[in-house]
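One structure is given below, encoded as structure tokens.
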Amino acid sequence: MNNQIDMLIFQSSHVSRLFVSGQNRSSLWQKKKRLCEIFFAYSQQSYSEMENSMSKFTDIYGHESIKEHLQNAIKMNKISHAYIFNGGLGSGKKMTAQIFAKTLQCEKKGIEPCNECHSCKQSDSFNQPDIIWVTHEKPGSIGVDDIREQLISDIQIRPYSSPYKIYIVDEAEKLTQQAQNAILKTIEEPPEYGIIILITTNADIFLQTILSRCVRLDFRPADDATVTKYLKDNYDVTDYEIKFAAAFAQGRIGRAQTIVSSKEFAKLKEEVMHVIRYADEMSTAEIMAEVKNIANYKLTIDDYLDLMAMWYRDVLVFKSTNDANLVIFKNEMSLIKNQAQRCSYEGLEDILNSIDKVKIRLKANVNFDLVIELLIMAIKEAM
């Protein structure tokens, strides 16, 4: 790991530029090294869908119109200087951005990456010096300093060995207003070799002037058949796991992949099931302890709440139809039947409404512990 980090640091054009300028080398080195450490830790989690290092456009399931648009742009040499890849988590945006960037820098200059040249191999290891993944230290925002240091200053330096310098800003919905204004100036007057790709789950948060100057590509959910085919083609898992992942992913292949392959997701699911099984028996002290435990999942709280909502929808569906074939948590039928008998329709609707309210309150920055405590209390009362 340390060797990879040091290699990335040496190949970082920004660090090289600052070193040459004679600025405080020790502090710059430590800061950049920290950014690299964050990047590698983050990449192992967030780029799991790209672990197949020989990826091409043909490896992307669905999104045919987007693939056609990007490949035609490469073929006709009509590359935009700025793109917005917009879509839900796990919809394939990062994988597509990585393949697009790799293809643009490929030494064979085709509409698919060759995966054999030096540039492609560097890209697959996230070590291509002219493909820059912009990082940020604060988990909740991308500040103007992040953009100035890693993009605006760096883009003035010509590519090291490739036709383009490509900057990929993941989680771009976290760009602050100042950061958006800063990046706008570069989008308005980019160097001929500069390309910026903003990856986001919510393009509507951008300034209108940014939206008007970027090519926006919307990654829409794939159908369940496409998700199921992808999982069957790539993973040795049971039919139950495939059906569960396809249902929970809601058309996002990257999310489905995480569900069947991630130990962290399996642990998250276990934690959700613990609350579902024992909420009605918990004392006040046990509820408080559980709230503290759930706080460990703040960064994945949407998945936590979605799992919980899917469970109680299963209970409601079974209570209404008595049809086990309509249930997603099929391996928990005994508990589903038990809760369907014990809980009223009104109680189940109250739980589902409470989960929706939690999402709204968390987005409004209401105290996390208080919101989760109220949710567990609502489940306890309904059962």
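The values are calculated or read from the model by the stated rules, or taken from the named source; none is laboratory data. As the structure is a computational prediction, the values presented were derived from the model and not from experiment. Don't worry about glycine lacking a Cβ; one is built from the backbone with ideal geometry, like all the others, and counts go over all protein chains shown.
Descriptive notes on the structure:
- Being at pLDDT 90 or above and in contact with a strand residue (DSSP E or B) (Cβ under 8 Å, 6 or more places away or on another chain) is a property that does not hold for Thr103.
- Failed item in (1) part of a helix (DSSP H, G or I); (2) out of contact with any Asp or Glu (no Cβ under 7 Å at 6 or more places or on another chain), with Ala378 passing the rest: (2)
Residues are listed down the side, and each one gets a yes or a no for (1) within 20 Å of the chain's Cα centre (by Cα); (2) β-branched (Val, Ile, Thr); (3) more than 23 Å from Leu375 (Cβ to Cβ); (4) outside the structural domain of Gly92 (by TED's automatic domain parsing):
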{"residue": "Asp233", "(1), (2), (3), (4)": "no, no, yes, yes"}
{"residue": "Asn296", "(1), (2), (3), (4)": "yes, no, no, yes"}
{"residue": "Trp311", "(1), (2), (3), (4)": "no, no, no, yes"}
{"residue": "Phe318", "(1), (2), (3), (4)": "no, no, no, yes"}
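- Residues of the range 97-151 classified as part of a helix (DSSP H, G or I) and either surrounded by fewer than 16 Cβ atoms within 10 Å (Cβ to Cβ) or more than 17 Å from the chain's Cα centre (by Cα) (or both), total: 21
- When the range 240-270 is filtered for residues that are among the aliphatic types (A, V, I, L, M) and loosely packed, with under 15 Cβ neighbours inside 10 Å, only Ala266 remains.
- Leading residue by the ranking (surrounded by the most Cβ atoms within 10 Å (Cβ to Cβ)) among those in the range 274-285 that are free of Cβ contacts under 8 Å to residues at least 40 places away in the same chain and over 23 Å from Ala247 (Cβ atoms): Tyr278
- Test result for Glu173, charged (D, E, K, R), part of a helix (DSSP H, G or I) and within 23 Å of the chain's Cα centre (by Cα): yes
- Count of the range 155-178 residues which are closer than 24 Å to Glu107 by Cα and of a type in the set (S, T, N, Q): 3
Yes/no matrix, rows are residues, columns are (1) at pLDDT 90 or above; (2) buried (at least 16 other Cβ atoms within 10 Å of the Cβ):
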| site | (1), (2) |
| --- | --- |
| Ile287 | no, yes |
| Tyr297 | no, yes |
| Asp306 | yes, yes |
| Ser320 | yes, no |
| Ile351 | yes, yes |
| Glu373 | no, yes |
| Glu381 | no, no |
